[in-house]
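Take a look at the structure below.
The values are calculated or read from the model by the stated rules, or taken from the named source; none is laboratory data. Owing to the predicted nature of the structure, the values given are computational and were not obtained by experimental measurement. With ideal geometry, Cβ positions are generated from the backbone for all residues, glycine too; neighbour counts draw on all protein chains shown. With ligands, DNA and RNA removed, areas are computed over all heavy atoms of the protein, side chains included. Shrake-Rupley method; radii C 1.70, N 1.55, O 1.52, S 1.80 Å.
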Amino acid sequence: MNRLFLRFFVLVMLSITAATVVIYFATAYFFGDPLEQIARKQAAAPIFLLEQYVDKAPVDDWLVRLNKVRQVSDFNFDLLPIKGVEEILEPSRRAALWRGEVVIDIPGRAFYRRVDLHGDRYVGSDTDVIHVTGLPIDVGLALKLEGLRYVIVALALLIPIAFWSRNHWRALQALSQAAEDFGSGKLATRIDMAPNAGVYPLAQCLNQMAERIQGLLEAHRNLLHSVSHELRTPIARIEFGLELLREESLEEAQPQARARFIDLQTDIDELKALVNELLDLTKLEQQRSLPQARFMLDDMLHDSVQAVAPILALREVEIQIAERLGELVGDRRLMTRALGNLLANAAKYGRHKVLLTAKRNADGSFEATVEDDGPGIAHEARQRIFEPFYRLDINTTQPVTGFGLGLAIAKKAITLHGGSILVAESALGGAKFVVAIP
Ligand code: ADP
């Protein structure tokens, strides 16, 4: 809010400065230089004295009056030869001097005027100029006063605008917070706003949109869950049928038929695994809370290594678990699965090495990393790999299995524990998954 106000303040001040410059040039163009007018006002007394007292004297008394003024006034009245003065004046002022006008010299706090306006004042007076110095000209002060006036006007404008925009700002912050919460998966988030708020119609629209998105996502989840659920029965029936077939006639079957039978069995196992993973994911997505059980983090990490031991056995595995990792409250089985999925991926996509580290950070949060020396994950795919069924086209020497659900399940399990997971580049050359739980 403060930054916004500051920017607004700077903008208003810049606009006022620009307006002042425009006003200055417009006034100068139409009515003459405003600075000179200020100076002329400040030098009004000696000008008045010269025009009304000295100039009004009879011709032969002019010099006498000038001397009298010289004696009594605080200003210096000098007579200078016109030639010298012409040299220091710019052409427009020179012309003004010849027209008999008072020519103000602001920096010199002085003015010049020809002596002879109407006939000779004294012998040679037509080649003399009267130069009055020591005038009370102070344009700087006048400018400061003018500046102060503009600043006061700007503040008088800004203060009501600041109050007015504060309410809008707060409402916008509420909108952006709600959008952020909704985006982070809190689908029940809605914006509660007074109907007289300026952005109330927008809040209504966002609430309606959130309602629709939540409905669609729930319908989608329910559909996925129901389909997976419904698939289990026919799969179980096929499995049962295959088992019967194996017992009854596989012994006498041709080797070709036996191979086909084994392929069928593998396909059914894969289908079963897919349906089970889908059911797990949809269940996790519907889950709002966790069992609040305490468990030791190092035990959970060792469990996850054990859970995927057969696939890890294919790689060189390094484990660096810090001492006194402490406990976590939540679902041990779920966390074991999440870490197990990451370890299995590291073994699946890594070439030779898998590294598991775990520690407590200075702020007390728990951090575990799983790294490998595989192809890694390109920047543009780092968000998307956590989406269900998203898979990268990786050329590995091994046939890669999986349905693209492992990371989605891991992410859901970790966020249910209030944590986060991100992927980066490992010093080993492959991917590095960082799990942090506050
Ligand atoms: P999958 O069962 O296909 O491994 P995941 O959800 O676990 O599904 O992973 C999704 C995709 O992310 C994988 O198909 C793979 O392309 C990529 N991926 C996951 N882990 C790694 C890794 N350690 N190195 C490189 N790519 C990975």
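For the range 353-438, the dipole from Cβ point charges (+1 on Lys and Arg, -1 on Asp and Glu) about the Cα centre works out to 220 debye, to the nearest 20. Between the residues CYS205, PHE163, ALA236, the greatest Cα displacement towards the positive end of the dipole of the range 144-250, with unit charges on the Cβ of Lys, Arg, Asp and Glu, is found for PHE163. For VAL64 and GLU90, a Förster radius of 41 Å and the Cβ-Cβ distance give a FRET efficiency of 0.75, rounded to the nearest 0.05.
For the full complex of protein chains and a 1.4 angstrom probe, list ASP105, ASP138 by accessible area with the highest value first. Each step should come with its number before you reach the end.
Numbers: ASP105 45, ASP138 65 Å².
Result, largest first: ASP138, ASP105.
So, with a 1.4 angstrom probe, what is the percent of accessible area on the chain that is carbon and sulfur? Walk me through the numbers on the way to the answer.
Values: 15430 of 26390 Å².
Carbon with sulfur: 58 percent of the solvent-accessible area.
Solvent-accessible area per residue in the range 295-335 equals 57 Å², computed with a 1.4 angstrom probe and all protein chains kept.
Could you tally the net charge around GLN292, taking each other residue with its Cβ under 15 Å from the Cβ of GLN292, Lys/Arg +1 and Asp/Glu -1?
+2
Check every DSSP H run in the chain and write down those whose alpha carbon atoms cover 27 angstrom or more along the long axis and whose mean Kyte-Doolittle hydropathy is -1.0 or greater.
Numbers: long enough: 2-31 (42 Å, 1.63); 139-183 (61 Å, 0.69); 200-249 (72 Å, -0.25); 255-286 (46 Å, -0.32).
Helices meeting the criterion: 2-31, 139-183, 200-249, 255-286.
Considering only the other residues whose Cβ falls under 12 Å of the Cβ of ALA344, what net charge follows from Lys and Arg at +1 and Asp and Glu at -1?
Net of charged neighbours comes to +2.
At q = 0.12, 0.16 Å⁻¹, what base-10 log of I(q)/I(0) does the Debye formula yield for the range 312-438 when every alpha carbon is treated as an equal point scatterer in vacuo? With one equal scatterer per Cα and no solvent, log10 I(q)/I(0) is -0.42, -0.76. Taking the Cα centre of the chain as origin and assigning +1 to Lys and Arg Cβ atoms and -1 to Asp and Glu Cβ atoms, the resulting dipole is close to 1040 debye.
Across the range 290-370, how large is the tail of the calculated P(r) beyond 14 Å, expressed as a percent of all Cα pairs?
Details: 1945 of 3240 pairs.
Of all Cα-Cα distances in the range 290-370, 60 percent exceed 14 Å.
What net charge is computed for the residues neighbouring GLY134, neighbours being all others with C-beta under 13 Å from the C-beta of GLY134, Lys and Arg scored +1, Asp and Glu -1? Kindly include the intermediate steps, with their values, before the conclusion.
On the way: positive: ARG70, ARG109; negative: ASP74, ASP78, ASP105, ASP138.
For residues surrounding GLY134, the net value is -2.
In the assembled protein chains, PHE389 presents an accessible area of approximately 100 Å² (probe radius 1.4 Å).
In this simple spin-label approximation, GLU146 and LEU80 carry label points 7 Å from Cα along the Cα→Cβ vector, and these lie 2.5 nm apart. In the range 84-243, the convex hull through the Cα atoms has an average projected area of 23.0 nm², a quarter of its surface area.
This model, with +1 at the C-beta of Lys and Arg and -1 at the C-beta of Asp and Glu, gives the range 259-390 a dipole about its Cα centre of some 160 debye.
The accessible-area ordering, largest first, of the residues LYS411, LYS56 stands as LYS56, LYS411, per a 1.4 angstrom probe.
With all protein chains in place and ligands, DNA and RNA left out, the 1.4 Å accessible area ranks ARG113, ARG384 as ARG384, ARG113, largest first. Ordering GLY404, ALA362, VAL434 by Cα displacement along the dipole of the range 348-438 toward the positive end leaves GLY404 in first place; charges were set at the Cβ atoms of Lys, Arg (+1) and Asp, Glu (-1). Taking amide H positions as modeled 1.01 Å from N, with prolines and chain starts lacking one, the residues under 5 Å from ASP105 and 5 or more places away or on another chain are ALA110, PHE111, TYR112. Solvent exposure of the range 124-179, expressed per residue, is 60 Å² of accessible area, with all protein chains present and a 1.4 angstrom probe. The chain gives an Rg/Rh value of 1.44, both radii derived from C-alpha positions and Rh following Kirkwood. When the surface is traced with a 1.4 Å probe over the full set of protein chains, LYS432 keeps roughly 60 Å² accessible.
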